[in-house]
Amino acid sequence: MSDPASKPITQLLHEWRAGNQQALDDLMPLVYDELRHLAAHHLKSERASHTLQPTALVNEAYIRLVNVEVQWQDRAHFFAVAARLLRRILVDHAKSRRRAKRGGDLIRVTLNEYLFSTEPDNDIIALDDSLKSLATFDDRKSQIVELHFFGGLTYEETAETLGISPVTVHRELRLAKAWLHHELNKKRSVR
């Protein structure tokens, strides 16, 4: 058996999708730490009593990733899909808690300086709703925010995943952040 660390993630993804179960077993230790880092990043500013922990978030994402039918392109594509799943899990968890509390104790997520340096506390459900609204008229900007914030991809990785330049990622991310900031402020004033 070859050393799994010597195989690039992209090669293992292709082998896994081709039906090689050993490739999946070799892949997970290589991506687990990065997935856990992303999960911890998203949960670090949650309230202390938050019921979802990074390991649980990664485990849920892993279960969903194993069952997703995707033709993997490369490492960046894998983490883009993982980002989308992490976002969905966090939103589903927040909605579940909100339903359980009948509108109270909303899950709060701090968006780091990549999104809003002036407003650190925003509701993940409001953010998800705003990203869906943004996607209706500019899906690429919504994808850029999702890949960069939820996926933790760099400008270069985001650009590669979407087939655009890093300069375009930077420009569109700035516009998307301004639009989201405005949209979230509107939602906040309605509450």
- Env charge @ Lys141, Cβ radius under 13 Å, K,R +1 / D,E -1, value 0
- Extension gain from Asn67 to Tyr32, taking 0.36 nm per residue of separation minus the Cα-Cα distance: 11.0 nm
- Task: Enumerate the calculated ³J(HN,Hα) couplings along the stretch 152-157 in order (Karplus 6.51 cos²θ - 1.76 cosθ + 1.60, θ = phi - 60°), each rounded to whole Hz, writing x wherever the residue is Gly or Pro.
- Result: x, 6, 6, 4, 5, 5
- Message: Quick check: residue separation of His41 and Asn59 times 0.36 nm, minus the Cα distance between them. What number comes out in nm?
- Response: 4.9 nm
- Once the Cβ-Cβ distance between Thr136 and His14 is put in as r, and R0 is 35 Å, what FRET efficiency do you end up with, to the nearest 0.05? 0.55
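We did not get these values from a lab; they are worked out from the coordinates using the rules stated. Everything numeric in this text was worked out from a predicted model, so none of it was measured. Neighbour counts are summed over all protein chains in view; Cβ atoms, including those assigned to glycine, are modelled from backbone coordinates with ideal geometry.
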